Every structure is written in C-alpha cells, then in structure tokens.
Amino acid sequence: MIKITRLFIAVFTLLTLNACEKKETKGPIKIAAIEPLSGPYASVGQDLVDGIEYWADIINKNGGVLDGRMIEIVPMDNAMKAEKTTELLRKAIDDGIRFVTQGGGSSHALNIIKQLEKYNERNPGKEILFLNNSAVTTSFTNEHCTFYHFRFDANVDMKVAGLVSHMANDKSIKKVYLFNQNYVYGQTFRKTANKILKEKAPYVEIVGDELIQPFGKVQDFNPYISKIKLSGADTVLTGNWGPDAYRFVNALADAGVKVKLFGIYISQPSGISAMGKNLLHNDVVIVKEFNPTNPKAPEWYKEMEMDYLNSKGFTPDADRFRFMFEMFKAAIDKANSLEPKDIAYALEGMKGKSIDGSKIVMRSDDHQIHFDMQALLVSEKVEQPIIYRGSDSDMSYVKVGNIPMEEITLDTTCNMKRP
C-alpha cells in the first residue's frame, strides 16, 4: 500500500510538472519595462512604456511569436532611484522574466548591465536579455559592452556627431556654451561635444561648460542663464532632458535671452505643455531617427500614427520601438527559440528599414544599432502638429538636414565575451 501511494504521488507530481511546463510554453512572453513612473520624470517614463506597449500589441495583433505566444509588457516603477532599479530587476528575475527593457536614465541602464553581466555568467541556461530602448551613454557599447545587451537607439557620440555635423553647416555659430547634467550620460555628452566640436567645427569657440545636478533638482535656472548671457554664446549645446530641459527653455524665454539650442531631448512630448510657445523663443534643433510630423510619410505609417494617437493620446516620438520589436520577433523566428542566448545570436547583424526605407543595422561587434538621422527644427505648425495627451501644441518639426549613417558610424572599443 505504501509503495502504491508513493508511486501515485510520483506520477501525480510528474503529471503536475508536465502540466505546468505545457502551460508555461503557451503563456505570454514577459518583458519587464523598468522606467520612472512616479516622481518628476514620471511622464517621460510613462511615454516610454506607452510606446513599448503599443508596438508589443502590434506584434500580438499580427499573431505574436512562434506558435502564437503573446508579448506582455510588465511596467515597473523605479522612480529614478538606483536602489529601486536593483530591487525591480531582482523581482523580475525571481518572477521568471527573461527579458528586460529600459531607457529612462543611463545610470539605471548601467546598473542593469552590470547586474545582468554577473547574473548571466553565474546562471547558464537562465540568462536575461536586455533590450535597451533609449539609454544612450556610449560606454554601454564600448568598454561596458556585453553579449546580452542590445541598444536600439543611437548612442551619445553618434547623436552629438550628428548635431555638430549640422552645426558645422551654420557659419553664424561662433560661440557655444555646453550645458549638461552631472551624471554618466551628461558627462559623456560633455566629453564627446568637446572632442567633436574641435574635429568638425574648429572655428567654434567653447565659451562655457556647465554640469548641473540632474533629475529635477534644479528649480531656478536664472543663475545659469546669467552665465550664458555674460559668455556671449550664440548657441547652447545640451543633452539635458525632462524637467531639466523644460525649465531651462522656459528660463531662457522669461529672461529674453536669444540663443540657438541644439540638443537631443529638448522637445520631448511630455514637456510640450510645460514649455508651450517658449519652445519657439529660440531656434531649437534636435536629431532623431525620423520626423514625427512628416506630412509626406508613407500611408502605412500615417495609419499607424492615427491609431497611436487614438490609443495613446500623443504623436509618436520614436520609431525605435517599432524596429526593436520587429527585430525581436524576427530574431525569435530566425532562432526558432525563446532562449535569450539564441535570440541574441540571431539579433547580431540583423537589418531592418526606417520609415523612409533606409537601412537599419544592428552591428554585431558591439550590439549598437545604426541608422540615418535627421536634424529637425521646432517650428510653428506647418501641416501636421505635435499632439500630446490630446492637446494640439500648434507646433511641428521641419526637417533641416539629413545625417547619413556613414557620418555617425564610429569605431568601437568593445571586446565582447560571447557564450
């Protein structure tokens, strides 16, 4: 009787485990999205999550991956705090999530990279893949490169190279003031700007170089505005983002200071309502992978854009979420596997297409994406406006320059260890 009972228990346990395994293979593919969803950068984090969720839903509506498994985005709020990022990454691992995406804050991306590098090395067969959607510090695909990290946005060096390439065509620019946040990303922007300005625009004088405490800590920008005015700068080159960018733009307008503003994230959608027409007080030029308000975009994109506006309430601000998920799905199909290691190998060297049909390439050497970029000027409304959370800004982007991929394809120092 004891033997039968033991046998029954063993068989029951085996059947239960098999049932769990079957259920797991049909369940959703979870991707943890670790972003700031509270605090001063909450709106930026929510915009990132909205974009990620939208394109995951598109994959799902088109049949999902492999045998019809759906992608499920699991938003996690790190409130822009390092300890929360560590805690949430551990929770994702404990919950059996094998994929992580993040983009709001390079210091948090570096935290994830370093933790996953240790975890993946110690846990073969249980690796986690990091899909970096927006964290752009260059070292992540140089000295900190790792096999299980892929960046789907241009890095700081590439973006600064694009900005300076466009600046070099404007001979009215004589004096530049550098204005950045004092953490890993802002420091990289500053270093790269100094280097590339000397290479591509040696006639431009750097008349100021400021680092500020990041992440919404600075409330009064007037002391910095005074320094910029006294320096005689005609242009400010900045990597500032979120409230640190919006308050700066407003302070310049309030003080009546006229300079050209060149940056990456000055006109993020979440800041449109905070800045309003102050964005037009100075010429604001940014670089992007596409023009969010291009009235000549192909019909398939216009249909998607309308659907995005209806479902998320704002003009899509990034195309990289689209090709990140398209490449993720293509890599799963190519590998015929949901194992991060197999997907990572399949992603290496993968090619895609931008909205205008130009080539997108995931470089195998360092897992850095490459694509053409555009220089865009914030202008009065042309044909198609920037809309945010249902509010028409009455402003548009106008393309003022094209930056070919070849101009911003830079060497890498990555010496990647592959499994």
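Structural remarks
- Look at the alpha carbon pairs under 8 Å that are at least 6 residues apart: their mean separation over the length of region 228-359 gives a relative contact order of 19 percent.
- In the chain, helices alone account for a calculated mean residue ellipticity at 222 nm of -13500 deg cm²/dmol, with every DSSP H run of four or more residues adding -39,500 (n - 2.57).
- In region 186-292, lysine pairs closer than 16 Å at Cα, eight or more apart or cross-chain: 7
- Helices that extend 20 Å or more along their long axis by alpha-carbon positions and average at least -1.0 on the Kyte-Doolittle scale are, among the DSSP H runs of the chain, 2-26, 42-61, 184-200, 320-335.
- The heavy atoms of Ser311 offer some 70 square angstrom of accessible surface to a 1.4 angstrom probe.
- Taking a Cβ cut-off of under 14 Å around Glu299, the surrounding Lys, Arg, Asp and Glu residues balance to a net charge of -2, with basic ones at +1 and acidic ones at -1.
- Bins of 10 Å from zero: percent of alpha-carbon pairs in the chain: 4, 22, 32, 24, 11, 4, 2, 1, 0, 0
- Label-point separation in nm, Lys359 to Asn310, each point 7 Å along Cα→Cβ: 3.7 nm
- Taking only protein heavy atoms and a 1.4 Å probe, the accessible area of region 32-110 is 51% carbon and sulfur.
- Cβ-derived FRET efficiency at R0 35 Å, Gln219 paired with Glu199, nearest 0.05: 0.45
- Beta bridges by DSSP in the chain, antiparallel share as percent, to the nearest 5: 35 percent
- Restricting the chymotrypsin sites (Phe, Trp or Tyr not before Pro) of region 103-211 to loop positions (DSSP other than H, G, I, E, B) with no more than 11 neighbouring Cβ atoms within 10 Å leaves Tyr203.
- Placing dummy labels 7 Å off each Cα toward the beta-carbon, the span from Glu83 to Arg418 is 4.1 nm.
- Nitroxide proxy distance, nm - points 7 Å out along Cα→Cβ at Lys174 and Asp283: 1.5 nm
- The chain, relative contact order in percent, only Cα pairs under 8 angstrom and at least six apart counted: 15 percent
- Using the Cβ-Cβ distance between Lys296 and Leu410 with R0 set to 25 Å, the FRET efficiency works out to roughly 0.25.
- Inter-part distance where region 307-352 and region 248-279 are each reduced to a Cα centre, Å: 32 Å
- Using a Förster distance of 35 Å, the FRET efficiency for Arg389-Asn182 (Cβ separation, nearest 0.05): 0.70
The values are calculated or read from the model by the stated rules, or taken from the named source; none is laboratory data. Fair warning: this is a prediction, and the values are worked out from it, not measured in the lab. All Cβ positions, glycine included, derive from the backbone under ideal geometry; neighbour counts span all protein chains shown. Note: accessible area is taken over every heavy atom of the protein model, side chains too, but ligands, DNA and RNA are not part of it. Shrake-Rupley method; radii C 1.70, N 1.55, O 1.52, S 1.80 Å.
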